[in-house]
Amino acid sequence: MAGERVTSFQVARDAGVSRSAVSRVFTPGASVSAHTREKVLRAAGELGYRPNVLARAVITGRSRMIGLVVAYLENQFYPLVVERLSVALQAEGYHVLVFMASSTTDDLQGVVNEILDHQVEGIVLASVSMSSDLAARCNDHGIPVVLFNRDQDDERLCAVTTDNYRGGREIGAHFVATGHVRIGYVAGFEGASTQRDRERGLLDALDSAGLALACREPGGFEYDTARRAALEMFARPDRPDAVFVCNDHMAFAVMDALRHELGLRVPEDVSVAGFDDVPVAAWPAYDLTSYRQPINRMIIRTVELLMTRIRDANEAPRKTRWAGELILRGSTRNLTSEAR
């Protein structure tokens, strides 16, 4: 009858094989002969059969699903992460379930409850951190967790990050080398390891040059908050001559406020640098100097860690930190112009 779901029993009957053979054909990595596979796939195609993934997960305990939790999809960095991580996991026979959360652990607790209900085999937390209690719950369920673009002191969690300290320090050193002396900072979410490490790198670079941070405003990784931070920072009489903004998403807000609301020129009146090097940073409208995160290497390593720990729950969690690259563009002074 039209509209009825085709079952594996019907496929097995038409293909002349057992139901277990049908199951093996649609189970990644299962052993099945080429002849049997061809017969099953032909029958399945003629009948319009699709395997019931959720039902198979209940039977086998293998959902082939990874839960991905993100908090800042308006930040152009994270849609890239979702896309590339999904493609990389599909190549391993897995699919991604995306869950949205705020940066607070209270909100994350409800999201993790929902993730566990879906019987995922692993969890990636991108732009959010996990409480010790939640880490313990996932550990008790045998579900490996990888922090992406975040880190925290918990030996049960894998983490993959850029060297955020190094990035902040290189940006600070670039400002100093190009003659800036009043350097401001627009911070991200205060509870994030990325925010902490990038700011620490900047401060150490300034300290090495005998300078102190001229001013600091919170941006919270939000466009509107960063815009207000810029207006506040540049309302002061001793306004900065350079600003490091903790990520590109906020840096775009700062540049918009400086140029379109305050009438300042970038970089003639003030240099601006961001962090991430999302594609928009290279657009002529912004031409933003930014510290590039090695997103492809980060994705590959995240998948490696997940697959290793899914295969062997006794494998020790690991933390990986990659060096990025400072990409110099027109939003900051360059050494040649400073020499003139």
Given DSSP loops and a limit of at most 16 other Cβ atoms within 10 Å, what is the longest stretch of the chain that contains no such GluC sites (Glu not before Pro)? 191-267
Against the longest alpha carbon principal axis of the chain, how many degrees, from 0 to 90 and to the nearest 10, is the axis of helix 34-47 turned? 90
Report the accessible area of I115, computed with a 1.4 Å probe over the heavy atoms of all protein chains in place, in Å² rounded to the nearest 10. 0
Formal net charge of residues neighbouring V278 (Cβ-Cβ distance under 10 Å; K, R +1; D, E -1): -2
Around H260, with a cut-off of 15 angstrom between Cβ atoms, what is the net charge of the other residues, counting Lys and Arg +1 and Asp and Glu -1? 0
Nearest-10 value in Å² for the accessible area of S20, using the 1.4 Å probe: 60
Rounded, prolate or oblate: pick one for the stretch 166-293, where a ≥ b ≥ c are the square roots of the eigenvalues of its C-alpha gyration tensor, a/c under 1.5 means rounded, and failing that, prolate if a/b is larger than b/c, else oblate. rounded
Would you mind checking which residues have amide H under 5 Å from Y291's amide H? H placed 1.01 Å from N; only 5 or more apart, or other chain. G274, F275, D276, D277, I327
Just subtract the alpha-carbon distance of D140 and W283 from 0.36 nm times their residue separation and send over the number in nm, one decimal. 46.8 nm
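When Lys and Arg each count +1 and Asp and Glu each count -1, what net charge do the other residues less than 12 Å away from A12, Cβ to Cβ, add up to?
+3
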I want to verify a result. In a Gaussian network model of the chain, Cα cutoff 10 Å, which of these has the top mean-square fluctuation: A21, A282, A253? A21
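The values are calculated or read from the model by the stated rules, or taken from the named source; none is laboratory data. What you see is a predicted model; the values in this text were computed from it and never measured. Note that each Cβ is placed from the backbone with ideal geometry, even for glycine, and that neighbours are counted across all protein chains shown. We work out accessible area using only protein heavy atoms, side chains counted, and drop any ligands, DNA or RNA first. Shrake-Rupley method; radii C 1.70, N 1.55, O 1.52, S 1.80 Å.
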